[in-house]
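A short write-up of the structure that comes next.
Please treat every number below as a calculation from the coordinates, not as lab data. Predicted model only: the values in this text are computed from it and were never measured. Note: ideal-geometry Cβ built from the backbone for every residue, glycine included; neighbour counts use all protein chains shown.
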Amino acid sequence: MSHALQLAVAVAFTLSTAVAHATPLTVPALFGDHMVLQRDCRVPVWGTAAPGATVSVAIAGRTVRTRAGDDGRWSVTLAPLTVGPPLEMVVAGDTGDTLRMRDVLVGEVWLASGQSNMEMPVDGWGKVLDVNAEVANATYPGIRMLTVAHRVAYEPQRDVTTAGWMPCTPANVKAYSATAYFFARDLHRELGLPVGIIHSAWGGTEIEAWTRAGALAPVEGLPARLAAVRERARVAATRDLRRDFLDASAAWLAAVPKGDLGTTATPPWSSRTLDTSAWKPMTLPTGWENAGLPDLDGVVWFRRTVEIPAGWNAQDLRLHLGRIDDVDTTWFDGVAVGHDSVYDRPRDYTVPARLVTPGAHVIAVRVYDWIGGGGLWGDAAMMKLERAPGDAIALAGEWSYRVGLDLATLPPRPRDPDDPNQPTVLVNGMIAPLVPYAMRGVIWYQGEQNASRAAQYRTLFPAMIRDWRQAWGRGDFPFLFVQLAAFMAPAAEPSESDWAELREAQAMALALPRTGMATALDVGDATDIHPRNKQEVGRRLALAAMRVAYGRDTLSEGPRFRGMRVAGREVWLRFDHTGGALVSRSAASPRGFALAGADRKYHWADARIEGDTVVLTCDAVAAPVAVRYAWGANPPCDLVGATGLPAPPFRTDRWPGVTQGRK
C-alpha cells in the first residue's frame, strides 16, 4: 500500500471514529432507573447511536444486538420477561458507550392521560381526601410513576422531558397523578405485581389535541382546524411564531381595557356613587352562562351594597368572594382591594380599617373571562364580609351586573403557538414519543373541555381510541375511562345539560371492544371541577381493569338500563349488571328519574324498586313516552346495584332542545 493510500485510510478511520464518538449512544427518557417493563409480552427498546454502530441490550441474562441505521436510529425487541427481583438493563455500543438502568421491575404498565382530573396531584395544587394519611402511608416499592412534561408540537416528537421513574414513597407520591396512583395501588394490591404508570396529561385540553390528523380528518368541523395547524407548522419552519404572537397579543390586550365600558366610563363602574338603576340582577354564586349570558366571553361588572354595623368601625375586614373565573379586580367604595387571575382559587382580600365606617358601602367586582365559563362560582357559604370568624355578613344572593365588554366585538384574539388546544399538538408532543413502549393499556379522564360539543365527541372519542391502538400496533389493548363527575349547582327541575350529553357520548364508546367505564357521577363536587375523592375513581378504574384486562369475573359497573315498558301511567324499567339487587341510596325511593309525555316536557317522577326493575309514575304525565335518569350537570343519582356502584345516567329519547317542565 502506498504512503498516500495509507494516509487516506488513516484519515478516513480517524474521521469515522470521531463521528462515532460525536454521536453518543442514547435511549429515550422513558428508559431509566426504577422503570417498569411490561411482563409476558415482547418489549421494544430503541434509541440512537452513530450510523452503522453495533448496539447491544442486555437484561435478565439475555443479550440482543442490532446495528443503527443510516439515520442513527436503532431498535430491538426483547423476548417476554417474567416478574422477579429488580433487574439491570445495560445498553452498550461498539464505541465503548454504556448506559445502565438499575432497579428495573417487570410487571404491569399503564398509560394515564387526559386533562386536569387525571393531572391533579395527590398533594399539590389539588389535594385528595385524607391527604395527610394517604401521603404518610404511601410506601410501595413496587409502584413507580413517570410524569411527562407538557409539550406542544406540530410534528411527532421522538422523546419527552421527564424527571424519570419515581418509586412510590411519601415524598414522591405528592406529585403523582392522584387518579393514576389509586388505580395503581388497587392493581398492585389485587394482583401482587409491580405497577408502572406513564402519566401524560394536561389540564383544560380537548380531545382533538390528543388525536392524530388521520383520525380527525373525517370528523365534521375538523378539516379547517387541521389546515390551520398545518399552516402554523409551515410558518414555524421559517419564522418565530412566539415573537409574532407576543407582538400581536400586546396590541390585542391593550384593546381590552379600552373596550371595557366600565373602565372608560366617567365615573368608572367601581365608583361608590355610580347610578346602577339600569343594571340587571343576578343571584350569586353562579356561572354567568347559567344566568342570562350563555355565550359571553369578556368583562362583566358586579356590584352589591352592604351595611356595616357600628361595632365594626375602623377595623380590618376580610372579603371572601369564593372562586372567580377567570380574572377579577375588586373594589370597596371605589378603592381597589384585590386582584387575582387563577380561576379556581378562592378570593380572600383585606378591606383596610380606614375604609370601614358604619353604614352603606359598595363592593364592585370586575370579572374578565376569555374562554369557557365565567363568573363568581362555588359554595355560597364562601361569599362573606367577615370581621372575625362567626361574625360576618353573607354576600351570596342578589347582586347587580352589567356587561362591560363582549370579546366578540374585538378582532379575534391571536393564537398562541403553544396553545395546547389545537388538533394533534399533544399527541405529537406527549404521546408519539411513548410509542411503542410496551404497556397493558390506557386509563383516560377527559371530557370537560369538550362538554359543549357532545354530539361531535361521539365520533371524536372512539376515533382517538382507535388511533392510539393503531399507533401502538398491539391490537385492541384495554382502554378504560372515567365518565364526568357531577359539577355545578343542581337544577331544581329537569332540564337540558351539555354535561349529561357528554357523559352519554362517553358511554357510547363502550361499543368498542375491550373498553371499560368508571361512573363518577356520585363522587363529584358542585363547587369544584376537581373532586377530591380520587380514591374511589381509581378503585372503579381498577375494577374495570380486573374485568377488561385481566379476565376476572368482576362486577365493575353499576346497573345499566336495558329496556322499558309502558303500562298506562306507569313505566317499568329493566336493568342489567345489578349484582342481584337494585338499591336506593336515599331513605325513600330513588331520586333522579324524570318522565315526559308527547309534549316532550320532563317532570320529576316517583320511583319504586321491584326486584331488578324500577317503576315510575308522575301525576303531571298521564301518558308517559320517555324517561331520563340522572340527566344534568349535577343531578340526583340514588340508584345503585348490590355492590354499591352507581347506575350511569341514561335517556330513552333523542329529542333535541326539549323544554323544561314543572311538576
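Some notes on this structure:
- Neighbours by Cβ (under 8 Å, 6+ apart or cross-chain): first from region 348-364, touching a residue at least 40 places away in the same chain (Cβ under 8 Å) and at positive phi; second part of a strand (DSSP E or B) and among the aliphatic types (A, V, I, L, M): 359/308
- Long-range neighbours under 8 Å by Cβ, at least six apart or interchain, first residue over 10 Å from residue 416 (Cα atoms) within region 242-253, second of a type in the set (A, V, I, L, M, F, W, C): 252/410
- Any chance residue 620 is among the hydrophobic types (A, V, I, L, M, F, W, C), without any contact (Cβ under 8 Å) to a residue 24 or more places away in the chain and over 30 Å from residue 478 (Cβ atoms): no
- Region 497-508, residues that are more than 18 Å from residue 524 (Cα to Cα) and surrounded by fewer than 20 Cβ atoms within 10 Å (Cβ to Cβ): 508
- Residues in region 507-522 that are in contact with a helix residue (DSSP H, G or I) (Cβ under 8 Å, 6 or more places away or on another chain) and either under 15 Å from residue 643 (Cβ atoms) or not in a helix (DSSP H, G or I) (or both): 512, 514, 515, 516, 517, 518, 519, 520.
- Inside region 510-522, residues that are over 15 Å from residue 592 (Cα atoms), surrounded by 20 or more Cβ atoms within 10 Å (Cβ to Cβ) and of a type in the set (A, V, I, L, M, F, W, C) make up a count of 3.
- Test: residue in region 305-321 that is among the basic types (Lys, Arg) and under 14 Å from residue 365 (Cα atoms): no
- Meets criteria (within 21 Å of residue 517 (Cβ to Cβ), outside any strand (DSSP E or B) and under 22 Å from the mean Cα position of the chain (by Cα)) for residue 175: no
- Among the candidates 274, 296, 261, the residue that is in contact with a helix residue (DSSP H, G or I) (Cβ under 7 Å, 6 or more places away or on another chain) and of a type in the set (A, V, I, L, M) is uniquely 296.
- Entirely in region 191-263, the helices (runs of 4 or more DSSP H) that have 1 or more residues that are closer than 30 Å to residue 402 by Cα: 241-259
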